[in-house]
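Okay, structure first, notes after.
The values are calculated or read from the model by the stated rules, or taken from the named source; none is laboratory data. The structure displayed is predicted, hence computed values, not measured ones. Because the Cβ atoms are built from the backbone with ideal geometry, glycine has one as well, and the counts that use them run over all protein chains shown. Heads up: the accessible areas ignore ligands, DNA and RNA and are worked out on the full protein's heavy atoms, side chains in. Shrake-Rupley method; radii C 1.70, N 1.55, O 1.52, S 1.80 Å.
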2 protein chains.
Amino acid sequence: MLPSTVGKIPEDAKRVFKGVIFDVYQWEQEMFDGSTATFEAVKRPASVEVIPVIGSKILLSFEEQPSKAATYGFFGGRPEEGEEFVETAKRELLEETGLKAQSVELLKDYIFSGKIEWHLCIFVAHDCEKTTEQKLDGGEKIEIREVNFDDFVKIASTDDFYGPMHFKLELLRMKQDPAKLAEFKSKLFG
Amino acid sequence: MLPSTVGKIPEDAKRVFKGVIFDVYQWEQEMFDGSTATFEAVKRPASVEVIPVIGSKILLSFEEQPSKAATYGFFGGRPEEGEEFVETAKRELLEETGLKAQSVELLKDYIFSGKIEWHLCIFVAHDCEKTTEQKLDGGEKIEIREVNFDDFVKIASTDDFYGPMHFKLELLRMKQDPAKLAEFKSKLFG
């Protein structure tokens, strides 16, 4: 097995590189035999994902990317410097769909571990209302698609769906456990 | 949604940092509106995992890590400079279990995508025989546990199992598809 970190970079780790997305940290770690080894891990900004809900429908993004076929995914993006994740969720929702929500609630905060410190957060945006038009970046081509809960479960558990693997795993487990799936549904639709 | 790469770093990307594990690459990418943006991605060495098979049993590692409770996982490690993945599998198998296999076969080569170029390979080591003792690094505390196929499926699809999430997803899908699960079993036991 590979030596692993717990997904947490120690506080006294030294940042040895600062990139556009990735920062690299190194630290000395004592091993079982008393020797030390240089450990390395990267930090990357959180991925903040949003599930907008309107009535009994869920909105998904159907997005084209440079050199990649269009796929279903969540709306969302990365936090700006110092931005709270919930604010990122609201901002990205507005930019990518033109919607504002009555309330935005954290559904999941998965932490990717194994040498990468990376939060994958999913928010639910309840009772969304259209307030303005989509305002996309130069690099974005996003279509908004409305699906019901059953189709959402089907789409989001496929290989092609562009979303956190943690969520897919959890969704697959829920599909085998009707009580958990019903609980998840009521979290989305309240 | 976040801008993504296809998991492949372009050939003309520039390596801007070389670490112990992570190398960071940057390149300019043209966006839909003709503007360009600096894209960044990291490369990390492959994770090579091995499933040793003896008769109707599978061996799993039950390993303690610094500051982490013991968990089940595969045997394996990272390739040395220039080493073929299959040679890594054989070397790690010998070091971590003292076993040699009649044949070693690639079962899966998952490619982690989304700004990280990372192969997660799983090999099956068929008809293993004990040839020597475990020879562990200073940082390793590995117990060898023998399980049957059903227990393997149970253990390897839990959250705690230390293995590629891609494999867990696939295993969960197989659990819902008896034909695929039987096919997987016959790949392991021949």
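Once the principal axes of the Cα atoms of chain B are found, what is the range along each, listed largest first in whole angstroms?
59, 41, 33
How large is the accessible surface of B:Glu183 in square angstrom, using a 1.4 angstrom probe and rounding to the nearest 10?
110
What are the ³J(HN,Hα) values, in whole Hz, obtained from phi via the Karplus relation 6.51 cos²θ - 1.76 cosθ + 1.60 with θ = phi - 60°, for each residue of the range A:106-112 in sequence order, with x given for Gly and Pro?
After applying 6.51 cos²θ - 1.76 cosθ + 1.60, I find 6, 9, 9, 10, 7, 10, 6 Hz.
Give, in nm to one decimal, the length gained when the segment between B:Lys68 and B:Asp160 is fully stretched (0.36 nm per residue of separation minus the Cα-Cα distance).
32.0 nm
Enumerate the aspartates and glutamates that A:Lys14 could reach by cross-link, defined here as Cα to Cα under 14 Å, with residues fewer than 8 away along the same chain left out.
A:Asp23, A:Glu28, A:Glu40
Please report how far the C-alpha centroid of the range A:16-64 lies from that of the range B:115-180, rounded to the nearest whole angstrom.
Between the Cα centres of the range A:16-64 and the range B:115-180 lies a distance of 24 Å.
Each residue of the range A:9-26 in turn: what ³J(HN,Hα) in whole Hz from Karplus with 6.51, -1.76, 1.60 and θ = phi - 60°, glycine and Pro shown as x?
Going residue by residue, I get 7, x, 5, 8, 5, 9, 7, 9, 7, 10, x, 5, 10, 9, 10, 10, 10, 9 Hz, with x marking Gly and Pro.
Once every Cα of the protein assembly as shown carries one equal point scatterer and solvent is ignored, give the base-10 log of I(q)/I(0) from the Debye formula at q = 0.13, 0.14 Å⁻¹, two decimals.
-1.17, -1.30
Specify the angular offset, from 0 to 90 degrees and rounded to the nearest 10, of the alpha carbon long axis of helix A:178-189 from the longest principal axis of the alpha carbons in chain A.
On a 0 to 90 degree scale, this one is about 70.
To one decimal in nm, how far is A:Lys18 from the same spot in the other copies, if labels go 7 Å from Cα toward Cβ? Please give the shortest first.
From this label point to the equivalent ones elsewhere in the assembly: 2.4 nm.
Considering every residue in A:17-29, what mean count of other chain Cβ atoms within 10 Å of its Cβ is obtained?
If you average over the peptide's residues, the count of other-chain Cβ atoms is 5.
Based on the Cβ-Cβ distance from A:Ser186 to B:Ala179, what FRET efficiency comes out when R0 is 30 Å, to the nearest 0.05?
Once rounded, the FRET efficiency stands at 0.30.
In whole Hz, with x marking every Gly and Pro, tabulate ³J(HN,Hα) for the range B:124-139 from phi via Karplus 6.51 cos²θ - 1.76 cosθ + 1.60, θ = phi - 60°.
Whole-Hz 3J(HN,Hα) from phi for the range B:124-139: 9, 9, 7, 6, 6, 9, 5, 10, 7, 8, 3, 10, 8, 5, x, x.
Between their Cα atoms, which of A:Lys8/A:Lys43; A:Lys57/A:Lys100; A:Lys154/B:Lys154; A:Lys175/B:Lys154; A:Lys115/B:Lys135 are more than 19 Å away from each other?
A:Lys154/B:Lys154; A:Lys115/B:Lys135
Please identify which residues in the range A:129-146 have an amide N closer than 17 Å to a label point set 7 Å out from the Cα of A:Ile54, following the Cα→Cβ vector.
Taking a point 7 Å out along Cα→Cβ of A:Ile54, the residues of the range A:129-146 whose backbone N falls under 17 Å are A:129-136, A:142-146.
How many nanometers, to one decimal and shortest first, lie between the label point of A:Ala179 and those of its other copies, if labels sit 7 Å from Cα toward Cβ?
The projected label point of A:Ala179 is separated from its counterparts by 3.3 nm.
Going by alpha carbons, how many degrees (0 to 90, nearest 10) lie between the helix axis of A:85-97 and the longest principal axis of chain A?
Helix A:85-97 sits roughly 40 degrees off the main axis of chain A.
Loop-only check: which trypsin sites (Lys or Arg not before Pro) in the range B:79-144 are DSSP coil with at most 13 other Cβ within 10 angstrom?
Here the trypsin sites (Lys or Arg not before Pro) that fit, given the DSSP loop and packing criteria, are B:Lys135.
Quick one: accessible area per residue over the range B:58-132, 1.4 Å probe, rounded to a whole number of Å²?
42
Leaving ligands, DNA and RNA out of it, report the carbon-plus-sulfur percent of the accessible area of the protein assembly as shown at a 1.4 Å probe.
48
Can you give me the long-range amide H partners of B:Ala46? Hydrogens built in the peptide plane at 1.01 Å from N, cutoff under 5 Å, separation of 5 or more residues or another chain.
B:His119
Using alpha carbons only, how many degrees (0 to 90, rounded to 10) separate the axis of helix A:165-175 from the longest principal axis of chain A?
50
Can you tell me which of A:Leu172, A:Leu93, A:Leu60 moves the most in a GNM of chain A? Springs connect C-alpha atoms under 10 Å apart.
Result: A:Leu172 has the largest fluctuation of those listed.
Can you list the copy-to-copy distances for B:Leu136, using a point 7 angstrom from Cα toward Cβ, in nanometres, shortest first?
List, nearest first: 5.3 nm.
How far apart, in nanometres, would the label points at A:Thr38 and A:Glu87 be if each is projected 7 angstrom from Cα along the Cα-to-Cβ direction?
With each label point 7 Å from Cα toward Cβ, the separation is 3.7 nm.
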